[in-house]
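Student: My structure is below; once you've seen it, I'll send some questions.
The values are calculated or read from the model by the stated rules, or taken from the named source; none is laboratory data. These figures come from a predicted structure and were not determined experimentally. All Cβ positions, even for glycine, are placed from backbone atoms using ideal geometry, and neighbour counts span all protein chains on display.
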Amino acid sequence: MSVLHIIGGRRLSGSVPVQGAKNSVLPILAAALLSDDICVLHNCPRLSDVDASIAILRHLGCRVEQEGDSIAVDSRPMCISEIPHRLMREMRSSVIFLGAILARIGEAELSMPGGCELGPRPIDLHLEALRAMGAEITKRSGNLHCQAARLHGCEIHLSIPSVGATENAMLAAMGADGDVVVHNAAREPEISDLQAFLCAMGAEVSGAGTSQVVIRGGERKKLHGCEHAIIPDRIVAATWLSAAAAAGGEIELTRTIPEQLSTVTDTLRRAGCQVRTGEEQIYLKSAGTLHSVRPIRTQPYPGFPTDAQPPVMAALTLAAGTTLFVETIFENRFRHAGELARMGADIRVVGRVAVVTGVQQLSGAAVEAADLRGGAALVVAALAARGESRISGLAHIDRGYSGLEDTLTLLGADIRRRPEPPIS
Ligand code: EPZ
């Protein structure tokens, strides 16, 4: 096990590119199952979640080659339709493979994805969407047994604009013999990137980015290989901006799509940072003296992203005044508050509301990441804190941040990853 050692209090400066989006490459790797040829993905981040997806593709019989930030998937040899628990438990979002396996093979078996650190992560909307297309799904001793000799067109009405359920419906619909319309679809940029990939394979999909996605029926047969570049990771961009806001300094992010994180840049601007955007760049300058902002409510896209709540909260623990955070998406997404308090932050959590009162200074401490974005929040706070912090629980952080310490070192941070000393 390793630990991040960070000596805080150094201003950040410099220019870094932003990695490809984890939450885009994962569904697109599942979608690659649908092609009768080779698909090549570029700008793929090197992450443990990507490794977990590649392991699943190989288990299903696909050939997968990874070179640098490119991944080639040849799903022609695919012959297996079940994902064992040992692979499912590596990444709960592996449920995204269900729709693609059903569309490709007509049956699927995988273990029920458990909850995660953010709370129970139900998949009822995923299953309702697949059943609407004609899939027969039974749960037996913790496994999902799915049969879909024939998937048909239908209208799906999601009660929540679920990202994963929208993606699973789009992938299963590739095997339907009629049009599928997803109402109240999630509008996240990652949905649009998945649509772009499916269209590059030859499918007819439209409406992504709006609440209604339409998938033309009978597409599976004609899907061919393609090349596709994954969009930048808007949450990683939000994390680096939060770090510079908190520690002070001036940084430039390249290879971004600024409008995809405008709710975050607007918030940091209102907190006292100078923020400018270009075609693919975001520039932020901060004196490190922030002030509180009006309440931040997390919402489905295009609202304030729940994944950016932890790193932005870490920055605003140093903002003069009080900021209210309301977490409307997940029920247990303030686990970083306790660890930030160990560094001197003043955060009171009541249910889905966190009241953050700014403090003059944070102090380095030994803290532990409990989930991916909560871990990112601890890194942001450690960069701004006086003294040394030691952050454990890096397996969470490594799921979503590729080369975190390399990027932050380029920006002037004093950060090193060291083996954890044995418990004496
Ligand atoms: C995706 O998770 C992302 N993960 C999450 O990012 C992100 O926080 C989330 O979307 C919201 O934007 C990936 O894309 C791999 P949802 P997902 O289905 O699809 C409830 C990160 O840090 N719900 O949109 O699982 C659910 O409990 C991760 O990168 C149901 O009730 O999110 C939640 O309250 C964390 N039934 C809400 O909907 C369902 O069948 C939104 O979940 C599905 C979801």
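Student: Would you be able to say whether some residue in segment 17-30 is more than 16 Å from the ligand (Cβ to nearest atom), basic (K, R) and at pLDDT 95 or above?
Tutor: No - not one qualifying residue is present in segment 17-30.
Student: Next question, about the same structure. Name the residue that is farthest from the ligand (Cβ to nearest atom), counting only residues in segment 206-229 that are among the β-branched types (V, I, T) and surrounded by fewer than 24 Cβ atoms within 10 Å (Cβ to Cβ). Give the derivation first.
Tutor: Keep residues of segment 206-229 that are among the β-branched types (V, I, T), which gives 210, 213-215.
Checking which are surrounded by fewer than 24 Cβ atoms within 10 Å (Cβ to Cβ) leaves us with 210, 214.
Working: T210: 16, V214: 20 Å.
Once the filter is applied, the top-ranked residue is V214.
Student: Go through segment 99-124 and give me each residue that's over 19 Å from the mean Cα position of the chain (by Cα) and within 8 Å of the ligand (Cβ to nearest atom).
Tutor: Selection gives D124 alone.
Student: In the set V367, V355, which member is more than 16 Å from the ligand (Cβ to nearest atom), under 16 Å from A337 (Cβ atoms) and surrounded by 23 or more Cβ atoms within 10 Å (Cβ to Cβ)? Give the steps one after another, and end with the answer.
Tutor: On the way: V355 fails: surrounded by 23 or more Cβ atoms within 10 Å (Cβ to Cβ).
Going through V367, V355 in turn, the sole match is V367.
Student: Which of the residues belonging to segment 297-322 are out of contact with any Lys or Arg (no Cβ under 8 Å at 6 or more places or on another chain) and either surrounded by fewer than 20 Cβ atoms within 10 Å (Cβ to Cβ) or over 22 Å from Y401 (Cβ atoms) (or both)?
Tutor: R297, Q299, A319, A320, G321, T322
Student: Separate question: From the set of residues in segment 125-149 that are near the ligand (Cβ under 9 Å from one of its atoms) and aliphatic (A, V, I, L, M), which is surrounded by the fewest Cβ atoms within 10 Å (Cβ to Cβ)?
Tutor: We begin by selecting, within segment 125-149, every residue near the ligand (Cβ under 9 Å from one of its atoms); these are 125-129.
If we keep only those that are aliphatic (A, V, I, L, M) too, we end up with 125, 127, 129.
Details: L125: 21, L127: 19, A129: 26.
Per the stated criteria, the residue is L127.
Student: Being touching a residue at least 40 places away in the same chain (Cβ under 8 Å) and of a type in the set (D, E, K, R) is true for just one of D69, D74. Which residue is that? Walk me through how you get there before you give the answer.
Tutor: Working: D74 fails: touching a residue at least 40 places away in the same chain (Cβ under 8 Å).
The match here is D69.
Student: Out of T263, T289, which single residue is polar (S, T, N, Q) and crowded, with 16+ Cβ neighbours inside 10 Å? Talk me through it step by step, then tell me what you get.
Tutor: Numbers: T289 fails: crowded, with 16+ Cβ neighbours inside 10 Å.
Residue meeting the stated conditions: T263.
Student: Could I ask something else about it? Scan segment 278-316 for residues that are away from the ligand (no atom under 16 Å from the Cβ) and touching a residue at least 60 places away in the same chain (Cβ under 8 Å) and jot them down.
Tutor: From segment 278-316, those away from the ligand (no atom under 16 Å from the Cβ) are 278-295, 315-316; that's our starting set.
Residues satisfying the conditions are G288, L290, H291, S292, A315.
Student: Still on this structure, please answer the following. State yes or no: is A384 away from the ligand (no atom under 16 Å from the Cβ) and free of Cβ contacts under 8 Å to residues at least 40 places away in the same chain? Before the answer, list the steps.
Tutor: On the way: away from the ligand (no atom under 16 Å from the Cβ): yes; free of Cβ contacts under 8 Å to residues at least 40 places away in the same chain: no.
Taking the combined requirement at face value, the residue does not satisfy it.
Student: Please go through (1) free of Cβ contacts under 8 Å to residues at least 60 places away in the same chain; (2) part of a strand (DSSP E or B); (3) among the charged types (D, E, K, R) for E250 and return the number of the only condition it doesn't satisfy.
Tutor: For E250, the exception is condition (1).
Student: Something else now. Do any strands (runs of 3 or more DSSP E) entirely within segment 350-403 hold 2 or more residues that are within 17 Å of the chain's Cα centre (by Cα), and if so, which? It would help to see each step written out before you state the result.
Tutor: Numbers: elements: 353-357, 366-368, 388-392.
So the answer is none; nothing clears 2.
Student: Let me confirm something: among I329, I347, which residue is β-branched (V, I, T) and outside any strand (DSSP E or B)?
Tutor: Of I329, I347, the one residue that is β-branched (V, I, T) and outside any strand (DSSP E or B) is I329.
Student: Also, quick follow-up: How many residues, within segment 191-243, are farther than 30 Å from E405 by Cβ and not aromatic (F, W, Y)?
Tutor: We begin by selecting, within segment 191-243, every residue farther than 30 Å from E405 by Cβ; these are 191-192, 194-227.
After this cut, where a residue has to be not aromatic (F, W, Y) as well, the list is 191-192, 194-196, 198-227.
Selection size over segment 191-243: 35.
Student: Any chance you could count how many residues in segment 25-46 are buried (at least 24 other Cβ atoms within 10 Å of the Cβ) and assigned to a loop (DSSP other than H, G, I, E, B)?
Tutor: Within segment 25-46, residues that are buried (at least 24 other Cβ atoms within 10 Å of the Cβ) and assigned to a loop (DSSP other than H, G, I, E, B) number 2.
Student: Okay, next question. Quick one: would you say A345 is buried (at least 24 other Cβ atoms within 10 Å of the Cβ), within 27 Å of P300 (Cα to Cα) and touching a residue at least 12 places away in the same chain (Cβ under 8 Å)? Steps first, please.
Tutor: Details: buried (at least 24 other Cβ atoms within 10 Å of the Cβ): yes; within 27 Å of P300 (Cα to Cα): no; touching a residue at least 12 places away in the same chain (Cβ under 8 Å): yes.
Considered against the rule, which asks whether it is buried (at least 24 other Cβ atoms within 10 Å of the Cβ), within 27 Å of P300 (Cα to Cα) and touching a residue at least 12 places away in the same chain (Cβ under 8 Å), A345 comes out as no.
Student: Further, regarding this structure: Would you call A52 surrounded by fewer than 24 Cβ atoms within 10 Å (Cβ to Cβ), touching a residue at least 40 places away in the same chain (Cβ under 8 Å) and within 16 Å of the ligand (Cβ to nearest atom)? Give the derivation first.
Tutor: Numbers: surrounded by fewer than 24 Cβ atoms within 10 Å (Cβ to Cβ): yes; touching a residue at least 40 places away in the same chain (Cβ under 8 Å): yes; within 16 Å of the ligand (Cβ to nearest atom): yes.
Answer is yes for this residue.
Student: Return the total of residues in segment 323-342 being away from the ligand (no atom under 16 Å from the Cβ) and either over 24 Å from the mean Cα position of the chain (by Cα) or crowded, with 19+ Cβ neighbours inside 10 Å (or both). Steps first, answer last, please.
Tutor: Residues of segment 323-342 away from the ligand (no atom under 16 Å from the Cβ): 323-324, 337-342.
So of that shortlist, the ones also either over 24 Å from the mean Cα position of the chain (by Cα) or crowded, with 19+ Cβ neighbours inside 10 Å (or both) come out as 323, 337, 339-342.
Number satisfying all stated conditions: 6.
Student: Restricting to segment 203-222, name every residue that is within 17 Å of D36 (Cβ to Cβ), modelled with pLDDT under 95 and either aliphatic (A, V, I, L, M) or in a loop (DSSP other than H, G, I, E, B) (or both).
Tutor: Correct list: G218, E219.
Student: Failed condition for V182, given (1) in a loop (DSSP other than H, G, I, E, B); (2) crowded, with 24+ Cβ neighbours inside 10 Å, with all others met?
Tutor: (1) is the only condition that V182 fails.
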